[in-house]
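The values are calculated or read from the model by the stated rules, or taken from the named source; none is laboratory data. Every value quoted in this text rests on a predicted model; they were computed, and no experiment measured them. Counting neighbours? That spans all protein chains shown, and the Cβs are built from the backbone with ideal geometry, glycine included.
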Amino acid sequence: MTLQTRPPIVAVLGHVDHGKTSLLDKIRNTSIALQEAGGITQSIGAWQTETKEGKKITFIDTPGHAAFNNMRSRGAKLADIAILVVAADDGPMPQTKESLEYLREAQTPFIVAITKVDLGTAQVEVVKGKLAQEGVLLEGRGGDVVAIEVSSQTGQGIEELLEMLSLTSELLELKSNPEGPIEAVVVETERDARRGPVVSCVVKDGTLKIGSLIGTEGVKTKVRGLFDESGKPVSEALPGDPVEVLGFDTLPLVGAFITSNESPLSSVSTTYNLRPSRKRREGFWIILKADTAGSLEAIKGQLGEKVGIAFAGVGDFVESDVTMSSSTNSPLVGFNTRAGKDIQKMADEEGVKIYSYKIIYELLADVEKWQKELEESQSEKVVGRAQVIAQFPHEKNTRIAGCKILEGRITKNDKLRLVREDKTLGNIRALSLKTQKQEVDKVEQGEFGIYFEPQLDFKIGDTLEAFQPPKSTQRTNS
């Protein structure tokens, strides 16, 4: 067995907008940050760079938005080293604290990168003090955690950060056997319209080659294609290399280990349902599609139990999605997915609405809005109240109630009830509504007379309520 030093796998963690992708952008000298929808990284991307000394480092960029907490957790567990990004003008925020919990749980060594130090609003010493309050004791402040001040605009601290990563990697003595059994970790999956199922992974041991027989948690295949992070075809991937793998018919779980051994390896994956739910509960339901398994998991995790998911899957919309939407009265909601012309035509014919998003928090906001609208429509709404202030005899031993509007309005067509001291005496129906002895359809202010049936035993002081009963249908494809 020939053990060789392998490149470290480095996860970059931190709060949204604290400059993680911009930092990696500066290291890689590309424009990834500008290409991300909404300026937020929305899937785990793995890539490799070299230091001035020619040492390779593999980076995993994990999203900072709250919806992606599972992806941040997974990134922390997959990494050998982590960079905890904290903005100099903001300090530790919710996702910073979550990332710290993940790092501590996984016992992952980390370096703090204090970003945006070039800004006039930067308060580096204040941020260091706040980090101490979170239990992060820096060098020179009673601890051994290294903090490096960096700027993605000027390049300050970038070389120092890379040097510290290399030094930490040497101390960890990361080894692998390129000639040994294959071991790789799935960092993302997607269904590409042209290439089919695509699995992004980082090789940790062995050498992944075209033709290699690999498997993961019951899913086995022969490697039919390999591509590096720039999309160029390669014949093999060595330990530490990020690579896209073609050949899987069924997408493995994100976080699963790919191996050439048939014995199962543990994984850090989180399972999620990709089949229709058999039990339909009350509430708002959607059919959810996403471009990658990681994004799908993140959205499902953020929606939680508030929204029912009739079906969740990876890839573009297909005929079965439209059919299920029509039969379950659930809207199609997609993240970075599309509907072809034939699918859109089918949806139009079936009266199915398709909602597509490129920014996850816009998707979450709309679903939350629809859920609220449904709850409101399914709740009874009182639209008017009036108090009985007089009673007048009418024909055949019946009476007319003299009332005064308290709030809202009363119409002839309203569903009405008579209330006494918060107790409902019964529902009634208006037969006649008059103001100033004139028959009217609606009263919005002042006094009026109402003749109703059945003739409940009302008395002065009772309240007349007009209400709208709850609706039973879901707001989806209308």
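What the table below lists for this structure:
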item: Single match in Ile405, Ile460, Ile410 (criterion: of a type in the set (Val, Ile, Thr) and within 30 Å of Gln371 (Cα to Cα)); result: Ile410
item: Strands (runs of 3 or more DSSP E) (entirely within segment 369-427) containing at least 1 residues that are exposed (fewer than 14 other Cβ atoms within 10 Å of the Cβ) and over 44 Å from the mean Cα position of the chain (by Cα); result: 381-394, 398-408
item: Enumerated strands (runs of 3 or more DSSP E) restricted to segment 119-211, each holding at least 3 residues that are outside the structural domain of Thr21 (by TED's automatic domain parsing); result: 183-192, 196-205
item: Residue in segment 451-458 that is at positive phi and out of contact with any Ser or Thr (no Cβ under 8 Å at 6 or more places or on another chain) present; result: no
item: Where Gln123 falls short, out of the listed (1) farther than 15 Å from His18 by Cβ; (2) at pLDDT 90 or above; (3) among the polar types (S, T, N, Q); result: (1)
item: Filtered residues of segment 339-367 (kept if without any contact (Cβ under 8 Å) to a residue 24 or more places away in the chain, closer than 15 Å to Leu288 by Cα and surrounded by 15 or more Cβ atoms within 10 Å (Cβ to Cβ)); result: Ala339, Ser356
item: Counted residues, segment 101-120 - those being of a type in the set (A, V, I, L, M, F, W, C) and at pLDDT below 90; result: 3
item: Output for segment 443-466, where each listed residue is assigned to a loop (DSSP other than H, G, I, E, B), more than 14 Å from Leu431 (Cβ to Cβ) and either touching a Cys at 6+ places or on another chain (Cβ under 7 Å) or polar (S, T, N, Q) (or both); result: Gln445
item: Glu444 vs. criteria more than 47 Å from the chain's Cα centre (by Cα), surrounded by fewer than 15 Cβ atoms within 10 Å (Cβ to Cβ) and acidic (Asp, Glu); result: no
item: Cβ pairs under 6 Å, 6+ apart, first in segment 157-168 and of a type in the set (A, V, I, L, M, F, W, C), second buried (at least 18 other Cβ atoms within 10 Å of the Cβ) and assigned to a helix (DSSP H, G or I); result: Ile158/Lys26
item: Residue among Glu149, Glu188 that is under 30 Å from Asp249 (Cβ atoms) and acidic (Asp, Glu); result: Glu188
item: Candidates Thr292, Thr323, Thr270, Thr328 - the one that is among the polar types (S, T, N, Q), modelled with pLDDT under 85 and surrounded by 24 or more Cβ atoms within 10 Å (Cβ to Cβ); result: Thr292
item: Enumeration of residues in segment 212-232 that are of a type in the set (A, V, I, L, M), assigned to a strand (DSSP E or B) and modelled with pLDDT of 80 or more; result: Leu213, Ile214, Leu226
item: Qualifying residue in segment 58-76 (condition: at pLDDT 90 or above and either in contact with a strand residue (DSSP E or B) (Cβ under 8 Å, 6 or more places away or on another chain) or surrounded by 24 or more Cβ atoms within 10 Å (Cβ to Cβ) (or both)); result: yes
item: Glu190, sole failed condition from (1) over 19 Å from Thr58 (Cβ atoms); (2) of a type in the set (D, E, K, R); (3) surrounded by fewer than 17 Cβ atoms within 10 Å (Cβ to Cβ); result: (3)
item: Segment 143-155, residues that are in contact (Cβ under 8 Å) with a residue 12 or more places away in the chain and surrounded by fewer than 16 Cβ atoms within 10 Å (Cβ to Cβ); result: Gln153, Thr154, Gly155
item: Lys415 vs. criteria touching a residue at least 40 places away in the same chain (Cβ under 8 Å), of a type outside the set (A, V, I, L, M, F, W, C) and touching a Phe, Trp or Tyr at 6+ places or on another chain (Cβ under 6 Å); result: yes
item: All positions within segment 373-411 that are under 16 Å from Glu453 (Cα atoms), charged (D, E, K, R) and at pLDDT 90 or above; result: Arg399
item: Within segment 114-126, tally of residues that are surrounded by 20 or more Cβ atoms within 10 Å (Cβ to Cβ) and touching a Lys or Arg at 6+ places or on another chain (Cβ under 9 Å); result: 2
